[in-house]
1. Residue check: is residue 104 in a helix (DSSP H, G or I), surrounded by 15 or more Cβ atoms within 10 Å (Cβ to Cβ) and either out of contact with any strand residue (DSSP E or B) (no Cβ under 7 Å at 6 or more places or on another chain) or in the same structural domain as residue 184 (by TED's automatic domain parsing) (or both)?
2. Only one of 258, 276, 315 is out of contact with any helix residue (DSSP H, G or I) (no Cβ under 7 Å at 6 or more places or on another chain), under 22 Å from residue 122 (Cβ atoms), in the same structural domain as residue 223 (by TED's automatic domain parsing) and surrounded by fewer than 24 Cβ atoms within 10 Å (Cβ to Cβ). Can you tell me which?
3. On the given criteria, is residue 170 touching a helix residue (DSSP H, G or I) at 6+ places or on another chain (Cβ under 8 Å) and farther than 12 Å from residue 243 by Cβ?
4. Are any of the residues in segment 72-90 within 30 Å of residue 223 (Cα to Cα), surrounded by 15 or more Cβ atoms within 10 Å (Cβ to Cβ) and modelled with pLDDT under 85?
5. Looking at segment 186-207, can you tell me whether even one residue there is exposed (fewer than 15 other Cβ atoms within 10 Å of the Cβ), over 18 Å from residue 286 (Cβ atoms) and touching a residue at least 40 places away in the same chain (Cβ under 8 Å)?
């Protein structure tokens, strides 16, 4: 590996002079600068970015804590964060924490040891100790995505209450009265918001949502499958269900098929997120779109703007969800 000493020897100057040329920290005569640059090019010298970081106290690196990068929606968000970092010449360190408090804290310590400049967090955890650790980061710029607001932290997400209302409005407009929903855990802030908006939308139309038609499950295909089984065991079963994400809707498709029923002839299904796979299901899944890639890109952009220009982190950014109509609601 070529060292700064090799460059200095080739250019016939001191190591400190090479350092000043590379880092632009002091005036160097044009002839000397040209000689150093020629040696750098001829030898293929690469400056030590770690050394630069130690001097500038900046690493041009963002950290991200995420529940799971295998979740398709989370993967879209991560892709957006990565794109924002790439455009600005930043790197991203990604940590999958699985919503395990101990693992979250361990990864947070690791990221701080790596001297990250900013932090993005996408986790459903409401662990009080973990939140306290986030708050203890002081002036480190940070944003949370798809989460309830946290003190001294920017928050980016969709308006899930409005999304729930959109789902209710569509089902009501199609004449459905016996309606159920597949929701995530009550502790999940977006699930709580979607349920609140869905109830409000139904109540505005004079339709009740009995508690027995609210089936709780994990926000996964398996969780949707199990929750849908619970609704199908009722007599009569709902004529339409609102799944609180597209993965739960996929699980509902399987459960409905196993009962010999057809979508949307026997039961209509509406999802949430608009994952790419939603348009390839049969029938195509009607869903509520939130911009996963766009949320991640925006998170990176506002963090980097804060670091580069001192721009304030917005307290809360809420994007308006959009109804995407396909073939799963009759």
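The values are calculated or read from the model by the stated rules, or taken from the named source; none is laboratory data. These numbers were taken from a predicted model, which means no experiment stands behind them. Every residue, glycine among them, receives a Cβ derived from its backbone with ideal geometry; neighbour counts consider all protein chains shown.
1. no
2. Working: 258 fails: under 22 Å from residue 122 (Cβ atoms); 315 fails: in the same structural domain as residue 223 (by TED's automatic domain parsing).
The unique qualifying residue is 276.
3. For residue 170, the condition - touching a helix residue (DSSP H, G or I) at 6+ places or on another chain (Cβ under 8 Å) and farther than 12 Å from residue 243 by Cβ - is not met.
4. No: zero hits.
5. Checked segment 186-207: at least one residue is exposed (fewer than 15 other Cβ atoms within 10 Å of the Cβ), over 18 Å from residue 286 (Cβ atoms) and touching a residue at least 40 places away in the same chain (Cβ under 8 Å).
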